[in-house]
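Asks: Structure incoming, see below.
The values are calculated or read from the model by the stated rules, or taken from the named source; none is laboratory data. Just so it is clear, the model here is predicted, and its values are computed rather than measured. As a convention, Cβ positions derive from the backbone with ideal geometry for all residues, glycine included, and neighbour counts pool all protein chains shown. Just the protein is used for accessible areas: all its heavy atoms, side chains included, with ligands, DNA and RNA removed. Shrake-Rupley method; radii C 1.70, N 1.55, O 1.52, S 1.80 Å.
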Amino acid sequence: MDRQRQHIIDGLRDGTPIALGYFAVAFSLGIIAAKAGLSAPEGFLSSFFTRASAGEYGVYTLLAVNAVYAEVVAMCMVANLRYMLMSAALSQKIAPGTSWLKRILMACCITDEVFAISIAHPGYTPPAYTYAAALLSGLFWGSGCAVGIVAGSLLPPPMVTALSMSLYGMFIAIIIPPARRDTGVAYALIASFVLSGLAAVAPVMSQWSSGMRTVVLTIVISAVAAWLRPVNPEAHEPA
């Protein structure tokens, strides 16, 4: 029991800085969610169970334009496919004999940051460690979104617009570093900008909803990039 408690304490300790960062990012998502018509409780629940900035932004954007459920689900799945790879990697850090239920729950806890600290944990990663970090950060993520929704309904429109731009700044901060390190990523980003603009005016694709265009382009561009510029495993091995 003492060992289990220590795992929980360690998870809460390492999850605290993640939680504080999540609150700030989720606040910006809450501004977007408010524009989509979500209430604070709805924003909290959707954020707590999703915990993915790109996925949530896509979902809230589609909800704002009254997209069909199939488009919303497809967008969320495409935007969050990386978590399947993270789950596979984390499975190698789970002690043999761990029940399948605990393994599934650990996979459900994964975010980019929780995955990073779970992978970095010395030896096998205790499930309680990942649970604690994910619970704390998830509560802050959901709370940040809920507070952002409330603020979005109370603040003057110019301030809401200014705050909503912070999320785009976060996305730019995410894509610029890898684009500078890898020309393949840079080419994929340029292709996404160009093709998104062309798709909006193309004879057939312009008739599709913005959500459907985004889903199709994401799949096509990612597939072509992976085919033309596959990742070299040796280049990513630790020295």
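Asks: First compute the accessible area of segment 21-80 with a 1.4 Å probe, then give the percent of it belonging to carbon and sulfur atoms. Walk me through the intermediate numbers first.
Replies: Numbers: 1900 of 2620 Å².
Ligands and nucleic acids excluded, carbon and sulfur give 72 percent.
Asks: Label the chain by shape, choosing from rounded, prolate and oblate, from the square roots a ≥ b ≥ c of the eigenvalues of the Cα gyration tensor; if a/c is under 1.5 it is rounded, and otherwise prolate applies when a/b is larger than b/c, oblate when it is not. All intermediate terms of the calculation are to be shown ahead of the outcome.
Replies: Values: a/c = 1.97, a/b = 1.25, b/c = 1.58.
Here the chain falls in the oblate category.
Asks: So how do 179-191, 30-42 stack up, highest first, on mean other-Cβ count within 10 Å?
Replies: 30-42, 179-191
Asks: Something else: At a temperature of 25 °C and a viscosity of 0.890 mPa s, determine how fast segment 1-69 diffuses translationally according to Stokes-Einstein, using the Kirkwood radius over alpha-carbon pairs as Rh; express D in µm²/s, rounded to the nearest whole number.
Replies: It diffuses with D of about 181 µm²/s by this estimate.
Asks: Take the alpha carbon atoms of segment 78-125, find their center, do the same for segment 180-200, and report the distance between the two centers in whole angstrom.
Replies: 30 Å
Asks: Would you mind getting the accessible area per residue of segment 1-123, heavy atoms of the protein chains only, 1.4 Å probe, in Å²?
Replies: 54 Å²
Asks: I've got another one for you. Charges only on Cβ, +1 for Lys and Arg, -1 for Asp and Glu: so what's the dipole of segment 1-150 about the Cα centre, in debye to the nearest 20?
Replies: 300 debye
Asks: Now for a different question. Which value at 222 nm does the chain reach when only helices count, each DSSP H run of 4 or more adding -39,500 (n - 2.57), with the total divided by all residues and rounded to the nearest 500 deg cm²/dmol?
Replies: Values: 11 runs with 187 residues, N = 239.
Helix-only estimate at 222 nm: -26000 deg cm²/dmol.
Asks: Could you go through segment 87-94 in sequence order and give the Karplus-derived ³J(HN,Hα) for each residue, using 6.51 cos²θ - 1.76 cosθ + 1.60 with θ = phi - 60°, rounded to whole Hz, and x for Gly and Pro?
Replies: 4, 5, 5, 5, 4, 6, 9, 9
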